[in-house]
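Where a number appears in this text, it was derived from the coordinates with a stated rule and is not lab data. The structure displayed is predicted, hence computed values, not measured ones. We place every Cβ from the backbone using ideal geometry, glycine too, and count neighbours over all the protein chains shown.
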Amino acid sequence: MHKKILYKKAYRLLKNSTPLKFDCGLICNRRCCSGDNEAGMCLYPGEESILAGHDEFLNIRKDKMRDTDVLFAVCSNKCNRNYRPLACRIFPYAPYIDRDGRLTVIEDPRAKYLCPLLMEPFGLKIDRRFRRNVIKAFRILIMDDEIKSFISLISAVLDDYRRMLGILRH
Ligand code: SF4
Ligand code: SF4
């Protein structure tokens, strides 16, 4: 199936699905949208095709993740929610393919000291339906081999972060 169709399905699943039943940006003043304006959000392979034509809001830049070419979308902070990249829709989760090749969703270790939803003292529980929808979206996306290998790459990068934070021991 064409990547654009897969992304449309994934975007639709995550259109109104959010980590909490209310706008969690109210708790933290939208920390995940006020990060490094140069860095941006990592795009999944081919995701740029669905974002084309929205350069008033998103700029796409090239970079590398390990040795792989990757695109990042840098937003102007005036969010057009219909065209939020996947990385924004799933935050603070990330897709993860384990050593047995199984797809799951984990808390993104890069969000551990940023997002109150991952900080125990806040006692906030992420809506299970949101997690389920994130998994469903990635089950659709891994039908594409290129996207699947990219998620394996992300998983290896996340493992490095998890080791650094002592979440992963080996
Ligand atoms: S940092 Fe976490 S709590 Fe804050 S807006 Fe982003 S996802 Fe919501
Ligand atoms: S695209 Fe929207 S959700 Fe994503 S970082 Fe920018 S303002 Fe936040």
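What 222 nm value per residue comes from the helices of the chain, counting each DSSP H run with n ≥ 4 as -39,500 (n - 2.57) and dividing by all residues, nearest 500 deg cm²/dmol?
Numbers: 6 runs with 58 residues, N = 170.
Computed ellipticity for the chain at 222 nm equals -10000 deg cm²/dmol.
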For segment 45-147, listing trypsin sites (Lys or Arg not before Pro) in a DSSP loop whose Cβ sees at most 14 other Cβ atoms within 10 Å gives Arg66, Lys78, Arg99, Arg102, Lys125
With label points set 7 Å from each Cα along the Cα-to-Cβ direction at Lys64 and Lys9, the distance between them in nm comes to 3.5
Ranking Ser155, Gly40, Phe138 by how far each Cα lies towards the positive end of the charge dipole of the chain (+1 on Lys and Arg Cβ, -1 on Asp and Glu Cβ), the top one is Phe138
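What is the order of Val134, Val105, Val157, fewest Cβ neighbours within 10 Å to most?
On the way: Val134 24, Val105 19, Val157 16.
Exposure proxy ranking, most exposed first: Val157, Val105, Val134.
Taking R0 as 30 Å, what's the FRET efficiency between Lys112 and Leu26 from their Cβ-Cβ distance, rounded to 0.05?
Working: r = 21 Å, r/R0 = 0.69.
Given R0 = 30 Å and the Cβ-Cβ separation, E is 0.90.
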Least to most buried among Thr104, Thr18, by other C-beta atoms within 10 Å and fewest first, runs Thr104, Thr18
Plugging the Cβ-Cβ distance of Met1 and Leu153 into 1/(1 + (r/R0)^6) at R0 = 30 Å yields, to the nearest 0.05, a FRET efficiency of 0.90
Taking chymotrypsin sites (Phe, Trp or Tyr not before Pro) in a DSSP loop with at most 11 other Cβ atoms within 10 angstrom as exposed, one finds the longest site-free stretch of the chain at 23-112
